[in-house]
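Notes to accompany the following structure.
The values are calculated or read from the model by the stated rules, or taken from the named source; none is laboratory data. Values in this document were obtained by computation on a predicted structure and should not be read as measured data. The protein model used for the area step is the full one, side chains on, heavy atoms only, and it has no ligands, DNA or RNA in it. Shrake-Rupley method; radii C 1.70, N 1.55, O 1.52, S 1.80 Å.
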Amino acid sequence: MKRIFVEKREEFRSESQALLLDIRENLDLSQIESLRVLHRYDFDDLSDTIYQATTTGILSEPAVDKIFEGILPLSDGDIAFAIEYLPGQFDQRADSASQCIQILTQGDAPA
């Protein structure tokens, strides 16, 4: 299995800035100094060629996003938590990624 994390570069982090403002104001957590939003993708059974095309052409934009492979990059003092859909819930991001990879490979949808 291969795992990547995609994060917007600092100058394009409008989603994380909006979420930080929302947390500070609505949850009264003003002590939170910064926040990062990363999207995690896990792949099974993709060739290296398809994997490279997928990471740089479908799941990210090289000029706007940073890609981390394997392990989530954390600094000392960072706290990380994940949010994911429950089994049976529709995940539009995963479905769109799967369909794009299927179009790229002209084969079956990836796992």
Please arrange ARG40, ARG9 by accessible surface area, largest first, computed with a 1.4 Å probe and ligands excluded.
ARG40, ARG9
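For the chain, list the DSSP H helices whose alpha carbon atoms reach 15 Å or more along the long axis and whose average Kyte-Doolittle value is -0.5 or above? Could you put the intermediate results ahead of the total?
On the way: long enough: 14-26 (18 Å, -0.45); 92-105 (20 Å, -0.14).
The qualifying helices are 14-26, 92-105.
Please list THR49, THR56 in order of solvent-accessible area, largest first, computed with a 1.4 Å probe with all protein chains present. The partial results should precede the final answer.
Values: THR49 105, THR56 65 Å².
From most accessible down to least: THR49, THR56.
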Most fluctuating of PRO73, PRO62, PRO87 in the GNM of the chain (C-alpha, under 10 Å) is PRO87
Give a residue-ordered list of calculated ³J(HN,Hα) values for segment 40-46 (Karplus: 6.51 cos²θ - 1.76 cosθ + 1.60, θ = phi - 60°; whole Hz; x for Gly, Pro).
9, 10, 10, 10, 10, 6, 10
Can you give the convex hull volume per residue for the Cα atoms of the chain, as a whole number of Å³?
129 Å³
Centroid-to-centroid separation of segment 11-46 and segment 74-111 [C-alpha atoms, Å]:
17 Å
Which of ILE23, ILE79 is most accessible, then next, and so on - probe 1.4 Å
ILE79, ILE23
